[in-house]
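One structure is given here, and the rest of the page talks about it.
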4 protein chains.
Amino acid sequence: MKKNFFILCFAVISLSVTWAQPPNDDLHSMPEYVHNSHRKIIRIPDIQGFHTLKCDLHTHTVFSDGNVWPTIRINEAWQDGLDAVAITDHVEYHPKQKYVVGDLNTSNTIAQEKADEIGFLLIKGTEITRKKPDGHMNALFIQDANKIKVEKAADAVEEAYRQGAVIMLNHPGWPDNKSTMDTMHIRFMKEGKIKMVEVFNSKSFYPKVVGWMNEYNLAPAASSDIHDLISHRHPADTDIRPMTLVLAKDRSLEGIKEALLAKRTLAFFNQNIVGQKEWVQALFEACLPIKMVVDNKKKKRYTFEICNNSDIGFVLKTKNGTEILLRPNSIYRMNIGYKSLDTTYEVMNAHIDINTHLVTRLPFAKALHK
Amino acid sequence: MKKNFFILCFAVISLSVTWAQPPNDDLHSMPEYVHNSHRKIIRIPDIQGFHTLKCDLHTHTVFSDGNVWPTIRINEAWQDGLDAVAITDHVEYHPKQKYVVGDLNTSNTIAQEKADEIGFLLIKGTEITRKKPDGHMNALFIQDANKIKVEKAADAVEEAYRQGAVIMLNHPGWPDNKSTMDTMHIRFMKEGKIKMVEVFNSKSFYPKVVGWMNEYNLAPAASSDIHDLISHRHPADTDIRPMTLVLAKDRSLEGIKEALLAKRTLAFFNQNIVGQKEWVQALFEACLPIKMVVDNKKKKRYTFEICNNSDIGFVLKTKNGTEILLRPNSIYRMNIGYKSLDTTYEVMNAHIDINTHLVTRLPFAKALHK
Amino acid sequence: MKKNFFILCFAVISLSVTWAQPPNDDLHSMPEYVHNSHRKIIRIPDIQGFHTLKCDLHTHTVFSDGNVWPTIRINEAWQDGLDAVAITDHVEYHPKQKYVVGDLNTSNTIAQEKADEIGFLLIKGTEITRKKPDGHMNALFIQDANKIKVEKAADAVEEAYRQGAVIMLNHPGWPDNKSTMDTMHIRFMKEGKIKMVEVFNSKSFYPKVVGWMNEYNLAPAASSDIHDLISHRHPADTDIRPMTLVLAKDRSLEGIKEALLAKRTLAFFNQNIVGQKEWVQALFEACLPIKMVVDNKKKKRYTFEICNNSDIGFVLKTKNGTEILLRPNSIYRMNIGYKSLDTTYEVMNAHIDINTHLVTRLPFAKALHK
Amino acid sequence: MKKNFFILCFAVISLSVTWAQPPNDDLHSMPEYVHNSHRKIIRIPDIQGFHTLKCDLHTHTVFSDGNVWPTIRINEAWQDGLDAVAITDHVEYHPKQKYVVGDLNTSNTIAQEKADEIGFLLIKGTEITRKKPDGHMNALFIQDANKIKVEKAADAVEEAYRQGAVIMLNHPGWPDNKSTMDTMHIRFMKEGKIKMVEVFNSKSFYPKVVGWMNEYNLAPAASSDIHDLISHRHPADTDIRPMTLVLAKDRSLEGIKEALLAKRTLAFFNQNIVGQKEWVQALFEACLPIKMVVDNKKKKRYTFEICNNSDIGFVLKTKNGTEILLRPNSIYRMNIGYKSLDTTYEVMNAHIDINTHLVTRLPFAKALHK
C-alpha cells in the first residue's frame, strides 16, 4: 500500500518527475530530462490538404559566429516542437577560427548524425554573407558549402542555385534599420533564383517586405537567426521563436523543398501571420471552428462558440472599431443578431500586404446548418 | 501607420487585452473579461464512438451551505471548460436561512436561467443529507426537490427514484475518515436505485470505493462538492477540479442521463483516472497515438514518438521498476528494441480496482504498419 | 528509507501538496487548500516611513447586486495578499431582495466575523447610488448604513459625513463613457466632504480624473468594484485586481483612515501607478535600488544593475525615444557613459497628471558612492 | 493622446516588450532580449551576517565534452540569478579535439572576458577525470590547468593543491549507482586537501554522502555538471538548477574561496537543503518570519502568519504525522493553542545527516513579544 500511496501522490502532483530505478541511499536519480526525451506540441492545423510543417530556416553554430555545438540546434528544434531546422553557418565569417576548425560542411555533418538518431529533419544550408548592398542570403538544400565560397556574392548565388538550393533574402532591414534590396536581388528574383524573403528575423519585423512578397512573388519566411540560445532570446513563458510554416505534401525534406519552390509558406512570429491571402484565409478558418449554442428567438440573436483550438490568437476588428480577441487554446462566446451573420472583420494580426490585413467573414451562417 | 504599429505591437505581446471602443481621455476600457466571454479547452478525447463529456455532479450555493449565488456555479463551470454541472443543495441543511429564503428548487431555477442564456447544460439535483450510517446521497435529474424533503433517508431515495433521478452515494470516507456504506445502500444498489458512487470528492480519494465500483456495479464519479470558490480550492496553476467523464451518445441532458444509467463513466481527479477496465483502456489508447520515427537496423531498435495530445499525463512502470512519464500535451521519444515491442506497462495513475492499475501493451507493433 | 525516499521526491517536486494524515485505503486527503490557508505576497515597498497597505475599497455581495456571500470577499482579499477590503453594498439597489433579506449593515456584520477569525482588516462601507448627475459614491468607515438610506443623494452624503465617513466619488466615466462630475460633487470636494476619487474601476481608466486629483486635491483610488469573482475578472496568470495603496502610519483601520483623510494614496492598476508626484517618485525609487558592477575605464562607461525587487514593472523612455523595460522581480543591466549619469527618463506607467508622466533621474551617481 | 493611449495599453499588458526605436515600415524591433539584459532574482536570505551567494561549481563547455561556447555558461548563470559559476572542463577528456583546439585554460580565458564585461564572478576550475576508484574531482580556484595534466590522479590533486585550489569530490554515485570513495580520497580529506563533496549532481541525490559531510567534515555542494543547456535540463517552469549556497564575508572571489575553505556551504537542489545543522537551522529561520494576527481568548489559541519570503518551500511534519507545507513566496496561516507554542517539527526537506532531518521549534513564543 505504501507504494501505491506514493504513486497516487506522485501522479497527482502534476507529474513532474519519474524515477529510472528504485531510489536508495546510494542514489536517487530523476531520469526524464537527462535524455531530453520530451517535446512540445505546437498546435497549428493542417490546411487545404497540406501538412503545416513548422520550420526554422536560419540558425548558427560555433562553426561560424554562433555559440553552440551543432547538436544543440537539433535538440532545441526538436524540443520546441518544430518539424525541421536548417543550419546556415556563414560561408565568409569565422570569428572562432582560432579555436574551431573544420570545413564549411562540418556543422551540418555533425548535426546530421544527431538528426538521424532521433528522426528529425535537418536542411543543409549556409549563409552567403556580404555587407549591404549584397547583404545576406541563405542557401537551403545545398550539396557542398565549400564550393559556395567564391569572391562575388552573385557567383555564390549562382553556385548555390546550380546545387539545387532554395535561396532566401535575409533580414532586409539589418543592420541599417532600412529595408532595402539591390538590383542584384531583383534580377535573381525575376530569374526565379531568389524564391524567399524573411519578413521576420529574430525580434524584427519588416512591414515593407510584406509588400515585396506580393510584388516579387516571394515565399515569406520567419527565422530565429539564433546565435546563442533560443531559451534566452525567446523565453518559453512569454515568447516563441519565429517560424516558417511550410505547406508540404508530405513530411519529408523533399516535401519541404517542393513547397518552398511552390511558394506555399506563411511567416509566423509569435502571434502574427504573414502570407498570401489564400493561405492566410485558410489558416484562419482552420483554427476557428464555430458552433451555435443558443438561438434566442426573443432577442433575435444567436449565441456562438468559436473554438480556437490552435496556439495562434486572433484579433478581430469590427467596422465600428471594437476589437475582439480570440485567444489561443480557448473558446470565445459571441452574440450575433439574426441580421448580422454576414459582418466582416479585419484580422489585425493577419498580414497579406504592406499594412494590409485580412478582411473576412466568420462562417456563422454555415454553423447554423451543421 | 501609427495605428498599424500599435496593432502589431498589441498582437505581438501575447494578446492579453482588447478594447471595446477607441480609448480616449474619458475612458480606457478593456472589455474582454467583463463579459466572462472566454473559456478553457479541456483536452480529453472522445472514445468508442461516445462523446466524453466533462461533468461536475456535486456543487452548492447560498441556498444551502454554499457561499455563492447559483449563477456563479454556471459561470465557473463554463469557464473551466466543463460540459455540464449539477447544483445539489442540501434538502435538510440551511444554515443561511435567516438571510436566504426560497424553496428547495430555487437555486436550480435561478441557475437554469443563466444556463439557458449561454447554452450550458444544468442538471437539476439535490443532496439528501443525513448523518452516517445514512450519509449523503445526490439525486440527479430530479423533478421537484421539495417533495424529497421527508423524514427518512430511505423514503427520500425512493421519492427521488420515483422522479426518475439517478442516485449517487457521496464521499463514503467523510466525515470519519472511514470509507463505509450501510445495508440500506447495499439494498438500493442491488435494486438498481443507487447507480453511482464518488471515488473522488474535493481533495479526497477513497481507494476502497474503487473496489465497490466493481463489486456493486456502480458508475464512478469525481466531484468538486464545492461550497466556496473553485479557483481557491483548485487554483488553475496547480490543479483542476475533479470531474466525472460521461461517455454520452449525444451532448445533451438526455445523453448524460442515459450514460449514467448505463454506467459509462470515468472518475478523473487531476491526473488520476478510475473506471471499468474497458473504458480506462480505451481512454489510455485514445490519448496516446504512436508514430515510428527511426528504424535503427544497426542497433536493432526503433525510435517511437508517443504524442500525448491530451491534458492527462500517464505514468508507466516497466517490469524492472523503471517509470516513464508521458506528460500531458507533449511528445515523448522512446527507443524500443526489435524484440521488445510486446512489453507490458503498468499505468500507475489508471485505477481499475482497489490498488489495481491498468496493465497494458503500447501498440508499437501497430504503429509499424501505418 | 522508503518513507524518506517519498519525502525527498515529494519535496523535490515543487511542493504541491501535503497530507493531513497518513493516507490509507479508506482515505487519501490533501488538506492544504481545504482550509484556504495560503496567501500571496504582493511585493510593493514601504516608503517615506509609511506602511504601504494594499486596499480594495469597493466590493459587493449578494446583499446588494453582487453574487457571493460576504465571507468570500474576505477570503478573496486575504488570499490575494491585500491588507484591507471594504464591503460597499448599494444602499438603494437590491435586485435579490426576493431571496436575500437583511438590513443595510448585514453584509458587513457577516464579513466582520470572518475578518476577526483570521485577523484581516474590514472597512465598513456602503455605496450611495443614484443615476448621473449624482452618480455613485462610496462612504467608507461608516457607523450605520441604514441611516444613510434617505431620499436625496446630498443628504446621504451629509449623513455619512456626520458618521465620520471618508467619501469617494466612484467611476466618473460610468455608465455613459464620459468622465463627469456635478456641481454637488464640486461643492462637497471644496467642503472637504468628498476626499477621494476612483481613477481606476474594474477594467476602466479615467485619464481626465488624474487631472481632478490635482485640481480638487483628491486622494486617487483604484477599485475592483467586484460583483462576481476576482479570479474571473482578474485571472491570476494575466492580471491583478486594482488596488489603492494607502500610506499608513500603522497597519490598522485607524491608520488607514488617517491616511485617506491626509490623502496619502496611490492608485495601482496592474502596472500603472497614479498619484501625487511626491509619492509616485518615492515609490519609483524604493522599487529600484541600483548597484554599479563594472567601471569600464577604456570605454568610459559604467555597468549598473537595477534590481526591481517589486511586483511593479516600469517603462522608461529616453529623450531619443528608446524605451527601457524594468520588469517586475528581475534585475536589469544597463551601460551608462561617464557623461550620462544625469540623464532623465519619462516613466511611462507613472501618471502624475492628465496625460503627464513622472520625469526623473535614476540615482546612478549615488550608486557610485556606495 | 494616441501615443499616450498606446503607452498605457502597452504598460498595462504585462510589460512584455519595449522598443529600441520608434517602429516604422522599415523596421519594428524589440530590443530587450537581444542584449540578454534581464536576470532573475533568486530569493534566499543572507544569514548570520554572511552573504548567501548562489554558485554553480561544476560546468562544461565545448573545450571538453560540453556543447556550448564558454560565454554561454556566463550568460546562463547571470540570467539564472547566480552570483558565481565555475567552468571545470575535463583535464583528460576531449572528444571534440578534432574540431576544437586550445589548451586547458582556454575555456576559462574566453569566459573571463565575458565575465569582466558584465561584472560576473567566474571561478577558474578544471575536472580531474579518472575511472573509479579515483573518480572525478573538481579543482576550483586553480592557476594553470595545463600543469594539472599528469599521469596519476593523486599527483593531479597534489598539483592543484599546490596552486591553492579548493578540491571537491564529484558525483560519488556515478556512473555505477553506488556512492563510493577510495582510500585516496579519505587520505586527502584527512590531510585537508579534499574539502568539498557533491551531494547533488545534475538530477541525482546521494543520501549516503550527507553522512560523509559530517564524518569527514566536508563542505556540501550541489552542482549542475551541465554539458548541454540549463534550460533543457532544468526547465524554468518546473525546476531550478542545483546550486551551492556559499556563506561569504563579501561578494568576491576571495570571499567565496574563504567560505569554501571554512566549509560554510549549503547544498540546494530545487527544494532540498543539505548542510551542517547550524547553517540549515539559520537558513530555515531566516526564511520564515512569524507574526501573530489573532489572539482568540475564547478558543485559547493564537493565529499566526508565517511569511515565507524565500524561493524555498518547507515541509514540516508534526509528531502525529500531519504535514504542513510552507510554500515559497507565500504566507501560511496557522492556529496554535496557547499550550502548543513549543511544538517541534521535523523539516522534511532539510537534511543534516544521512536520512536525518532538521527537527526544530517555530519561534511562536518570540513572535508574541514583537
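The values are calculated or read from the model by the stated rules, or taken from the named source; none is laboratory data. A quick note: this is a predicted structure, and the numbers were derived from the prediction, not measured. All Cβ positions, glycine included, derive from the backbone under ideal geometry; neighbour counts span all protein chains shown.
Residue check: is B:Phe284 in a helix (DSSP H, G or I) and either buried (at least 20 other Cβ atoms within 10 Å of the Cβ) or in contact with an Asp or Glu (Cβ under 6 Å, 6 or more places away or on another chain) (or both)?
Numbers: in a helix (DSSP H, G or I): yes; either buried (at least 20 other Cβ atoms within 10 Å of the Cβ) or in contact with an Asp or Glu (Cβ under 6 Å, 6 or more places away or on another chain) (or both): yes.
Yes; evaluated as a whole, the condition is true for this residue.
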Look through region B:286-295, keep the residues that are touching a helix residue (DSSP H, G or I) at 6+ places or on another chain (Cβ under 9 Å) and touching a residue at least 40 places away in the same chain (Cβ under 8 Å), and return whichever of them is farthest from the other protein chains (Cβ to nearest Cβ). B:Ile290
Looking at region A:119-143 only, could you name the residues that are under 25 Å from A:Leu53 (Cα atoms) and surrounded by fewer than 17 Cβ atoms within 10 Å (Cβ to Cβ)? A:Gln143
Candidate set: region B:360-370, residues that are surrounded by 16 or more Cβ atoms within 10 Å (Cβ to Cβ) and outside any loop (DSSP other than H, G, I, E, B); chosen: the one nearest to the other protein chains (Cβ to nearest Cβ): B:Ala367
Applying the selection to region C:105-133, what residues are under 20 Å from the mean Cα position of the chain (by Cα) and in a strand (DSSP E or B)? C:Leu121, C:Leu122, C:Ile123, C:Lys124, C:Gly125, C:Thr126, C:Glu127
Does region C:110-117 include one or more residues that are buried (at least 21 other Cβ atoms within 10 Å of the Cβ), touching a Leu at 6+ places or on another chain (Cβ under 6 Å) and away from chain D (no Cβ under 14 Å)? yes
Mind checking whether some residue in region D:23-33 is in a helix (DSSP H, G or I) and modelled with pLDDT under 95? yes
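Yes or no, residue by residue, for (1) assigned to a helix (DSSP H, G or I); (2) in contact with a helix residue (DSSP H, G or I) (Cβ under 9 Å, 6 or more places away or on another chain); (3) more than 11 Å from every other protein chain (Cβ to nearest Cβ); (4) not hydroxyl-bearing (Ser, Thr, Tyr):
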{"site": "B:Lys208", "(1), (2), (3), (4)": "yes, no, no, yes"}
{"site": "B:Gly211", "(1), (2), (3), (4)": "yes, no, no, yes"}
{"site": "B:Asn217", "(1), (2), (3), (4)": "no, yes, yes, yes"}
{"site": "B:Pro220", "(1), (2), (3), (4)": "no, yes, yes, yes"}
{"site": "B:Ala236", "(1), (2), (3), (4)": "no, yes, no, yes"}
{"site": "B:Arg241", "(1), (2), (3), (4)": "no, yes, yes, yes"}
{"site": "B:Thr244", "(1), (2), (3), (4)": "no, yes, yes, no"}
{"site": "B:Leu247", "(1), (2), (3), (4)": "no, yes, yes, yes"}
{"site": "B:Leu260", "(1), (2), (3), (4)": "yes, no, yes, yes"}
Within region C:134-166, which residues are in a loop (DSSP other than H, G, I, E, B) and either over 27 Å from the mean Cα position of the chain (by Cα) or in contact (Cβ under 8 Å) with a residue 24 or more places away in the chain (or both)? C:Asp134, C:Gly135, C:Phe141, C:Asp144, C:Lys149, C:Val150, C:Glu151, C:Lys152, C:Gln163, C:Ala165
Are any of the residues in region A:218-230 surrounded by fewer than 17 Cβ atoms within 10 Å (Cβ to Cβ), in the same structural domain as A:His58 (by TED's automatic domain parsing) and not charged (D, E, K, R)? no
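Residue by residue through region D:176-205, note down the ones that are assigned to a helix (DSSP H, G or I) and under 23 Å from D:Arg241 (Cα atoms). It would help to see each step written out before you state the result.
Of all residues in region D:176-205, those assigned to a helix (DSSP H, G or I) come to D:183-190.
Once the filter is applied, which keeps residues that are assigned to a helix (DSSP H, G or I) and under 23 Å from D:Arg241 (Cα atoms), region D:176-205 yields nothing.
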Can you spot a residue in region A:84-91 that is surrounded by fewer than 18 Cβ atoms within 10 Å (Cβ to Cβ) and within 14 Å of chain B (Cβ to nearest Cβ)? no
Considering region D:75-95, residues that are assigned to a loop (DSSP other than H, G, I, E, B) and touching a Gly at 6+ places or on another chain (Cβ under 9 Å), and then whichever is farthest from A:Val62 (Cα to Cα), we arrive at D:Thr88
Across (1) under 20 Å from C:His357 (Cα atoms); (2) at pLDDT below 95; (3) under 14 Å from the mean Cα position of the chain (by Cα); (4) of a type outside the set (D, E, K, R), C:Ala222 clears everything bar (2)
Report every pair of residues separated by at least 6 positions or lying on different chains whose Cβ atoms are under 9 Å apart, first residue within region D:246-265 and closer than 19 Å to D:Glu198 by Cβ and at pLDDT 95 or above, second crowded, with 18+ Cβ neighbours inside 10 Å and among the acidic types (Asp, Glu). D:Val246/D:Asp83; D:Ile256/D:Asp83
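Of all residues in region C:225-267, count the ones that are more than 14 Å from the chain's Cα centre (by Cα) and either among the acidic types (Asp, Glu) or farther than 14 Å from C:Leu121 by Cβ (or both). Talk me through it step by step, then tell me what you get.
Looking only at region C:225-267, we keep the residues that are more than 14 Å from the chain's Cα centre (by Cα), and these are C:227-229, C:231-233, C:235-238, C:249-255, C:257-259, C:261-263.
Filter once more, so that each one left must be either among the acidic types (Asp, Glu) or farther than 14 Å from C:Leu121 by Cβ (or both): C:227-229, C:231-233, C:235-238, C:249-250, C:254, C:258, C:261-263.
Going through region C:225-267 one residue at a time, the tally reaches 17.
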Considering region C:265-315 alone, what residues qualify as being hydroxyl-bearing (Ser, Thr, Tyr), in contact with a strand residue (DSSP E or B) (Cβ under 8 Å, 6 or more places away or on another chain) and within 18 Å of C:Phe50 (Cβ to Cβ)? C:Thr265
Filter region A:320-359 down to the residues that are of a type in the set (Lys, Arg) and within 13 Å of chain B (Cβ to nearest Cβ), then identify the one that is surrounded by the fewest Cβ atoms within 10 Å (Cβ to Cβ). A:Arg333
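Sort out which residues of region B:296-349 are among the acidic types (Asp, Glu) and either without any contact (Cβ under 8 Å) to a residue 24 or more places away in the chain or in a strand (DSSP E or B) (or both), and write them in order of number. Talk me through it step by step, then tell me what you get.
From region B:296-349, those among the acidic types (Asp, Glu) are B:305, B:311, B:323, B:342, B:346; that's our starting set.
Within region B:296-349, B:Glu305, B:Glu323, B:Asp342, B:Glu346 meet the criteria.
What number of residues within region B:144-166 are aliphatic (A, V, I, L, M) and surrounded by fewer than 24 Cβ atoms within 10 Å (Cβ to Cβ)?
Of the residues in region B:144-166, the ones aliphatic (A, V, I, L, M) are B:145, B:148, B:150, B:153-154, B:156-157, B:160, B:165-166.
Those left that are additionally surrounded by fewer than 24 Cβ atoms within 10 Å (Cβ to Cβ): B:150, B:153-154.
The qualifying residues number 3.
For the condition assigned by TED's automatic domain parsing to the domain that holds C:Ile194 and closer than 25 Å to C:Ile240 by Cβ, what is the one hit in C:Glu127, C:Glu92? Spell out how you get there, then give the answer.
Working: C:Glu92 fails: closer than 25 Å to C:Ile240 by Cβ.
Unique residue meeting the criteria: C:Glu127.
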Looking at the structure I just gave you, is C:Asp46 surrounded by fewer than 24 Cβ atoms within 10 Å (Cβ to Cβ) and in contact with a Ser or Thr (Cβ under 6 Å, 6 or more places away or on another chain)? yes
State which residue pairs qualify: first residue assigned to a helix (DSSP H, G or I) and inside region B:45-74, second residue at pLDDT 95 or above and among the basic types (Lys, Arg) in any location, beta carbons under 7 Å apart, and separation of 6 or more residues or different chains. B:Thr71/B:Lys114; B:Ile74/B:Lys114
